[in-house]
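First comes the structure, then the notes that go with it.
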Amino acid sequence: MFFQIFLHFVSNLSTIAVGFLSVMIQRIPILKKYVESTRQKKAIFSKQERLPCIAPLVTTVEETPQIVSACVRGHFPQWLRGYLLRVGPGKFEFGKDKYNHWFDGMALLHQFRMEKGTVTYRSKFLQSDTYKANSVHDRIVISEFGTLAVPDPCKNVFERFLSKFEVPGKVSAITDNTNVNYVQYKGDYYLSTETNFMNKVDIKTLEKTEKVDWRKFIAVNGATAHPHYDADGTAYNMGNSYGSHGSCYNVIRVPPEKVDLGETIHGAQVICSIASAEGMRPSYYHSFGMTRNYVIFIEQPLKMNLWKVVTSKIRGKSFADGISWEPQYNTRFHVVDKHTGQLLPGMYYSKPFVTFHQINAFEDQGCVVIDLCCQDDGRSLEVYQLQNLRKVGEGLDQVYNSVGRSFPRRFVLPLHVSLNDPEGQNLSPLSYSSASAVKQADGKIWCSYENLHPEGLEDEGGIEFPQINYGQFSGRKYRFFYGCGFRHLVGDSLIKVDVVNKTLMIWREDGFYPSEPVFVPAPGTSEEDGGVILSVVITPKQNENNFLLVLDAKNFEELGRAEVPVQMPYGFHGTFVTI
Ligand SMILES: CC1=C(/C=C/C(C)=C/C=C/C(C)=C/C=C/C=C(C)/C=C/C=O)C(C)(C)CCC1
Ligand SMILES: [Fe+2]
């Protein structure tokens with residue numbers, strides 16, 4: 001009996017001690033920083049077991065070209081009038097040829113039209129040159145991110161050998177399967193991947209109207225699918241150039257106005273070129289940050305071996321085979337003045353991490369603050385092979401448990417670091433952030449991040465596909481962002497993060513997988529979360545309907561859903577266009 005009382009006393013004592021310590025940690029900054037720094041040392045692989053099969057979400061579907069009326073339950077706000085446009089992979093084979101990677105699937109365009117509380121749906125495969133060429137040959141003739149097009153089996157050995165040395169550009173061997181995102185230049189909408197091609201589209205009919213090649217306008221080999229926009233419509237993007245001088249990361253600006261009606265990205269300019277740390281092994285990047293006055297480029301140790309990329313065809317390997325995670329290198333931040341094109345001299349470094357999607361960035365007290373979805377393990381690209389996503393049982397659990405989770409982190413980059421600044425001290429003046437920037441003896445600034453989330457986010461599998469109230473808060477100090485929780489390999493919950501209070505709000509429905517949340521501001525409101533969240537929610541269950549979900553962005557409560565009895569694959573990105 002005594003022993004039990006003793007155990008009870010000890011367990012209570014330890015509970016009190018832990019509670020006291022956790023309060024002290026939050027109240028004493030140096031303790032809080034220590035705990036934060038220790039927590040920064042490990043990649044987080046939250047474990048799952050008995051994950052449900054999601055193979056139907058990454059399997060070929062039929063397009064739905066005829067408009068379908070959705071069955072609305074609950075309600076869609078009367079003020080909500082426009083298109084939710086989304087894109088993602090929707091066809092994963094041609095004839096006997098099958099794609100290897102999730103990113104390779106043929107672009108399927110989804111359109112939800114909302115007006116007066118009603119919702120309709122349609123989808124169409126983008127009629128890219130790649131899609132048409134593959135269809136004509138009934139096989140994969142153009143390589144994608146993770147799939148190398150194999151030579152024509154009807155050619156003789158000599159012809160097939162020669163085909164490996166086709167002159168790039170003779171028959172556009174570069175894919176225009178723009179399946180990543182909708183982007184906007186000079187008021188027109190385009191579909192983008194990460195190559196030199198984009199496809200201009202009619203957002204009403206989902207028809208492609210024009211193919212655009214970045215190389216015809218500026219000396220870049222491609223651009224990201226995540227450009228940023230100033231309030232006046234000026235667009236900024238980033239893209240690589242490769243030459244005898246090595247590789248450069250180029251900051252691109254596209255003016256907002258058309259001089260002639262038929263213009264596309266005319267007037268595009270490279271305003272700054274940043275030499276890569278290694279000429280033949282530049283970093284892969286998927287997005288970048290932008291504030292009112294600066295572009296922030298994250299040079300991460302996810303490297304593209306150009307020699308491997310250039311020889312991939314004769315080696316029988318895909319583009320993705322040339323990308324490798326190299327954590328022996330640190331991650332570096334470059335800051336470019338948008339107005340002068342000047343690369344700031346600050347050399348900002350952090351421990352190695354990978355980011356796919358930036359959340360937001362802003363300027364405060366002489367610093368750039370940039371928030372990113374970060375993974376400490378950069379091998380997730382390799383994992384997103386279709387064969388992995390289609391696994392079942394323990395095999396699927398092992399795939400999931402091999403991917404590092406993504407968490408929101410804040411970095412603070414002091415803009416004006418002088419020779420007189422003291423070494424070894426935190427140069428960040430921001431009292432509201434535990435992120436630090438410490439000048440080293442060699443002049444480099446070592447940046448440690450602040451976690452922008454409460455502990456509970458690990459239980460949600462981390463967060464990705466971040467979105468904010470972009471129109472009113474991009475590049476500005478903000479408080480809320482939305483994203484998908486990843487307790488599976490695709491999003492399986494919607495999350496609202498308050499980066500000030502570090503609290504979460506979650507929407508989830510077991511067996512259903514919501515897409516990237518899109519924020520739509522309510523008319524006439526200036527509140528940051530005054531509006532709704534739209535998300536396309538899909539399920540592998542054959543007897544259930546997919547639906548467009550609408551949440552109140554303030555309390556994250558479901559307002560309504562528009563059910564559509566149509567199979568949809570899990571997509572990448574989208575945008576809302578008011579009509
Ligand atoms: C990888 C992770 C995620 C998803 C990231 C996404 C959707 C990235 C998409 C990138 C694509 C489609 C790139 C395509 C590039 C094509 C090229 C360069 C073609 C070259 C052909 O030769 C999340 C799901 C956000 C979660 C973490 C990991
Ligand atoms: Fe993306």
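The values are calculated or read from the model by the stated rules, or taken from the named source; none is laboratory data. Please read all numbers here as calculations on a predicted model, not as lab measurements. Reconstructed Cβ throughout: ideal geometry from the backbone, glycine too, with neighbour counts over all protein chains shown. Just so you know, the surface numbers come from the protein's heavy atoms only, side chains and all, with ligands and any DNA or RNA stripped out. Shrake-Rupley method; radii C 1.70, N 1.55, O 1.52, S 1.80 Å.
Does segment 471-492 include one or more residues that are farther than 24 Å from ILE44 by Cβ and over 22 Å from the mean Cα position of the chain (by Cα)?
no
Inside segment 536-557, can you point out the residues that are in contact with a Phe, Trp or Tyr (Cβ under 7 Å, 6 or more places away or on another chain) and either assigned to a loop (DSSP other than H, G, I, E, B) or open to solvent by 10 Å² or more (accessible area, probe 1.4 Å) (or both)?
Of everything in segment 536-557, those that are in contact with a Phe, Trp or Tyr (Cβ under 7 Å, 6 or more places away or on another chain) and either assigned to a loop (DSSP other than H, G, I, E, B) or open to solvent by 10 Å² or more (accessible area, probe 1.4 Å) (or both) turn out to be THR539, ALA553, PHE556.
Among the residues of segment 484-504, is any of a type in the set (A, V, I, L, M), in a strand (DSSP E or B) and open to solvent by 20 Å² or more (accessible area, probe 1.4 Å)?
yes
Taking ILE445, is it open to solvent by less than 40 Å² (accessible area, probe 1.4 Å), in contact (Cβ under 8 Å) with a residue 60 or more places away in the chain and farther than 27 Å from LEU504 by Cβ? Quick ask: steps written out before the conclusion?
Details: open to solvent by less than 40 Å² (accessible area, probe 1.4 Å): yes; in contact (Cβ under 8 Å) with a residue 60 or more places away in the chain: yes; farther than 27 Å from LEU504 by Cβ: yes.
Spelling it out, ILE445 is indeed open to solvent by less than 40 Å² (accessible area, probe 1.4 Å), in contact (Cβ under 8 Å) with a residue 60 or more places away in the chain and farther than 27 Å from LEU504 by Cβ.
Taking TRP507 as meeting all but one of (1) more than 20 Å from the chain's Cα centre (by Cα); (2) open to solvent by 40 Å² or more (accessible area, probe 1.4 Å); (3) farther than 28 Å from THR193 by Cα, write down the number of the exception.
In the conditions (1) more than 20 Å from the chain's Cα centre (by Cα); (2) open to solvent by 40 Å² or more (accessible area, probe 1.4 Å); (3) farther than 28 Å from THR193 by Cα, TRP507 misses (2) alone.
Do we have HIS334 as touching a Leu at 6+ places or on another chain (Cβ under 9 Å) and under 22 Å from GLN269 (Cα atoms) here?
For HIS334, the condition - touching a Leu at 6+ places or on another chain (Cβ under 9 Å) and under 22 Å from GLN269 (Cα atoms) - is met.
Would you be able to tell me the number of residues in segment 403-429 that are of a type in the set (A, V, I, L, M), open to solvent by 10 Å² or more (accessible area, probe 1.4 Å) and touching a residue at least 40 places away in the same chain (Cβ under 8 Å)?
Of the residues in that region, 2 qualify.
Got a number for residues in segment 233-246 being open to solvent by 10 Å² or more (accessible area, probe 1.4 Å), at pLDDT 95 or above and among the small types (Gly, Ala, Ser)?
The number of residues fulfilling the criteria is 2.
Being modelled with pLDDT of 95 or more, under 26 Å from the mean Cα position of the chain (by Cα) and within 16 Å of ligand 2 (Cβ to nearest atom) is the requirement here; does ARG113 meet it?
no
Quick check: anything in segment 474-482 open to solvent by 20 Å² or more (accessible area, probe 1.4 Å), within 17 Å of ASP371 (Cα to Cα) and within 16 Å of ligand 1 (Cβ to nearest atom)?
No, that holds for no residue.
Which condition number does GLU257 fail, the rest of (1) in contact (Cβ under 8 Å) with a residue 60 or more places away in the chain; (2) of a type in the set (D, E, K, R); (3) under 26 Å from GLY366 (Cβ atoms) being met?
For GLU257, the failing item is (3).
Within segment 377-398, can you find the residues that are among the aliphatic types (A, V, I, L, M), away from ligand 2 (no atom under 16 Å from the Cβ) and surrounded by 19 or more Cβ atoms within 10 Å (Cβ to Cβ)?
Within segment 377-398, LEU386, LEU389, LEU396 meet the criteria.
Which of the helices (runs of 4 or more DSSP H) found entirely inside segment 341-448 contain at least 2 residues meeting this: more than 13 Å from ligand 1 (Cβ to nearest atom) and out of contact with any helix residue (DSSP H, G or I) (no Cβ under 8 Å at 6 or more places or on another chain)?
393-401
Can you find, within segment 360-376, the residue that is farthest from ILE323 (Cα to Cα) among those that are open to solvent by 10 Å² or more (accessible area, probe 1.4 Å) and in contact with a Leu (Cβ under 9 Å, 6 or more places away or on another chain)?
GLN365
Among the candidates ASP213, ASP230, ASP202, single out the residue that is within 15 Å of VAL295 (Cα to Cα), more than 16 Å from ligand 2 (Cβ to nearest atom) and surrounded by fewer than 18 Cβ atoms within 10 Å (Cβ to Cβ). Full working, then the answer.
Numbers: ASP213 fails: within 15 Å of VAL295 (Cα to Cα); ASP202 fails: within 15 Å of VAL295 (Cα to Cα).
One residue alone meets the criteria, ASP230.
What single numbered condition from (1) closer than 20 Å to SER192 by Cβ; (2) aliphatic (A, V, I, L, M); (3) modelled with pLDDT of 95 or more; (4) open to solvent by 10 Å² or more (accessible area, probe 1.4 Å) fails to hold for VAL259?
(1)
Considering each residue of segment 309-343, count those that are within 25 Å of ILE252 (Cα to Cα) and surrounded by fewer than 17 Cβ atoms within 10 Å (Cβ to Cβ), and give that number.
6
Please specify each residue of segment 482-501 satisfying the condition of being touching a Gly at 6+ places or on another chain (Cβ under 7 Å), over 10 Å from SER515 (Cα atoms) and within 16 Å of ligand 2 (Cβ to nearest atom).
PHE486
Can you tell me which of SER143, SER192 is at pLDDT 95 or above and within 16 Å of ligand 2 (Cβ to nearest atom)?
SER192
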